[in-house]
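*Asks:* Questions regarding the structure given below will be posed in turn.
The values are calculated or read from the model by the stated rules, or taken from the named source; none is laboratory data. Note that the coordinates shown come from a computational prediction; the quantities given were computed from them, not determined experimentally. Here the Cβ is made from the backbone with ideal geometry for all residues, glycine too, and neighbour counts use every protein chain on show. Calculation scope for accessible area: heavy atoms of the full protein, side chains included, ligands and nucleic acids excluded. Shrake-Rupley method; radii C 1.70, N 1.55, O 1.52, S 1.80 Å.
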Amino acid sequence: SQTIHQWPATLVQPVGSPLSLECTVEGTSNPNLYWYRQAAGRGLQLLFYSVGIGQISSEVPQNLSASRPQDRQFILSSKKLLLSDSGFYLCAWSVMGSTEAFFGQGTRLTVV
Amino acid sequence: EDQVTQSPEALRLQEGESSSLNCSYTVSGLRGLFWYRQDPGKGPEFLFTLYSAGEEKEKERLKATLTKKESFLHITAPKPEDSATYLCAVQAGSSNTGKLIFGQGTTLQVKP
């Protein structure tokens, strides 16, 4: 069966520090991968998606970037965090050509 | 613009008191409508996918229905363990990337 791992679960970082969140999927090949952000009291907003290694599409302009160095690994990064980057970050995957997306357990990021 | 609106924002029920959650959507060609359950501090858990008007899906005390403009999540004789935030999302027909557009969610509290 397929599983998705996302870490760390919580993170407190100072303004201006770098960020690296990692997500890996097991049990499937060539998945579509996604990074969403959930701000308090708001719905999930898609940040990035990837349909293959090295292929990254950005949905909204922001202070973050994403990379996919391996088929089942998706990384969310920032060189310098802003207060507004605080939120709940969720990684998700779907099978190519399918519609359902399955989510990881999320990372609660607090920028102080 | 593709949009999803959920109502009510919050719902309090007594155990055994049945009710419905609403998800209204505007999308350029519906590829799928999805219901997720999200517990506090966790990632969304997939519940249902609905593809066309008139379709219904059931799982335990939950039943999801779909019309051309909205979806309902009916909860029959809820129990305290059904307390969670329920998220609705749509995927537009023009999307071949699996991008989901989410509503704000309905937070359900079931009291014993």
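*Asks:* Across the range A:11-37, which residue is surrounded by the fewest Cβ atoms within 10 Å (Cβ to Cβ) among those that are at pLDDT below 95 and polar (S, T, N, Q)?
*Replies:* A:SER29
*Asks:* Check the range A:77-84 and report whether any residue there is under 10 Å from the mean Cα position of the chain (by Cα) and within 14 Å of A:ARG37 (Cα to Cα).
*Replies:* yes
*Asks:* While we're looking at this one, here's another question. Which ones in the range B:56-75 are under 14 Å from the mean Cα position of the chain (by Cα), farther than 19 Å from B:TYR25 by Cα and part of a loop (DSSP other than H, G, I, E, B)?
*Replies:* Passing the criteria: only B:ARG61.
*Asks:* Got a number for residues in the range B:76-100 being assigned to a strand (DSSP E or B) and either buried (at least 22 other Cβ atoms within 10 Å of the Cβ) or among the small types (Gly, Ala, Ser) (or both)?
*Replies:* The number of residues fulfilling the criteria is 8.
*Asks:* In addition: Taking the range A:82-96 as the search range and keeping residues that are within 14 Å of another protein chain (Cβ to nearest Cβ) and of a type in the set (A, V, I, L, M), which one is surrounded by the fewest Cβ atoms within 10 Å (Cβ to Cβ)?
*Replies:* A:MET96
*Asks:* Does B:GLN6 satisfy the criteria of being surrounded by 13 or more Cβ atoms within 10 Å (Cβ to Cβ), within 11 Å of chain A (Cβ to nearest Cβ) and not in a strand (DSSP E or B)?
*Replies:* No, not satisfied.
*Asks:* Which numbered condition in (1) touching a residue at least 40 places away in the same chain (Cβ under 8 Å); (2) part of a strand (DSSP E or B); (3) within 13 Å of chain B (Cβ to nearest Cβ) is the only one that A:ASN30 fails?
*Replies:* The single condition A:ASN30 does not satisfy is (2).
*Asks:* Only one residue in B:GLU56, B:GLU45, B:GLU70, B:GLU60 is within 14 Å of chain A (Cβ to nearest Cβ) and among the acidic types (Asp, Glu). Which one?
*Replies:* Just one listed residue meets the conditions, B:GLU45.
*Asks:* Same structure, new question: Since A:TYR49 meets every condition but one in (1) in a strand (DSSP E or B); (2) surrounded by fewer than 19 Cβ atoms within 10 Å (Cβ to Cβ), which condition does it not meet?
*Replies:* Here A:TYR49 meets the rest and fails (2).
*Asks:* Additional query: What number of residues within the range B:101-112 satisfy the criterion of being open to solvent by 60 Å² or more (accessible area, probe 1.4 Å) and more than 11 Å from chain A (Cβ to nearest Cβ)?
*Replies:* 3
*Asks:* While we're here: So which residues in the range A:56-112 are hydroxyl-bearing (Ser, Thr, Tyr), in a loop (DSSP other than H, G, I, E, B) and more than 21 Å from A:ILE4 (Cα to Cα)?
*Replies:* Hit for the range A:56-112 is A:SER86, nothing else.
*Asks:* Give the residue, chosen from B:GLU45, B:GLU56, that is open to solvent by 70 Å² or more (accessible area, probe 1.4 Å) and under 25 Å from A:LEU90 (Cα atoms).
*Replies:* After applying the criteria, what remains is B:GLU45.
*Asks:* Can you work out which of the residues in the range A:97-112 that are more than 8 Å from chain B (Cβ to nearest Cβ) and modelled with pLDDT of 95 or more is farthest from A:GLN13 (Cα to Cα)?
*Replies:* For the range A:97-112, the residue satisfying everything is A:THR107.
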